[in-house]
Amino acid sequence: MNKKFRYRIIGKTSWSDWFNYQHFILPELASGKYRLELELEGSLDENGSSLGSTHLELQVNQKTHEEPWFNTFLTFVSLCILGGLGWYFFKLRNSRKKIRQLEQETKYHQARMLTAQINPHFMSNFLTSIQNSVNFQDTEKSQ
């Protein structure tokens, strides 16, 4: 004779049907203590309350990687790591770009500084040459 039961985890699930020839399958539960209520269908008294109702205490002990929240946690950690790597490479690229810009500016300013040093030296040599030409009365060169 096949009897029909129904069950629920108090405070977690609604009533579900269960036949005595089936395996008893509960939804994924996190580690902790639960109260399971079993009831034989069709066994009600005059007041409508169940005659064949039983309460069971369950202790669920899951390994950490089997906990229902573990995949969500793993996804969150992965996204944090990927976001951190993305931020790191973004900052690294901007730093390298800024270094290249500073190197170009440095080369430009070095060239300007050398030009500024060469021009007065050239002028000084030119004026000294004219002065020497005048001093030695080489009028053809001084003109």
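Details
- Packing here is the average count of other Cβ atoms within 10 Å per residue, and on that basis the peptides 29-38, 92-101, highest first, run 29-38, 92-101.
- Mean silhouette area of the stretch 69-130, derived from the convex hull of its C-alpha atoms and averaged over all directions, reads 3.8 nm².
- Pairwise FRET efficiency - ASN94 versus THR64, Cβ, R0 = 41 Å, nearest 0.05: 0.60
Here, each number is a calculation from the coordinates, and none is a lab measurement. Everything quoted here is computed from the prediction, not taken from an experiment. Quick reminder, even Gly has a Cβ in these numbers, built from the backbone with ideal geometry, and neighbours come from all protein chains shown.
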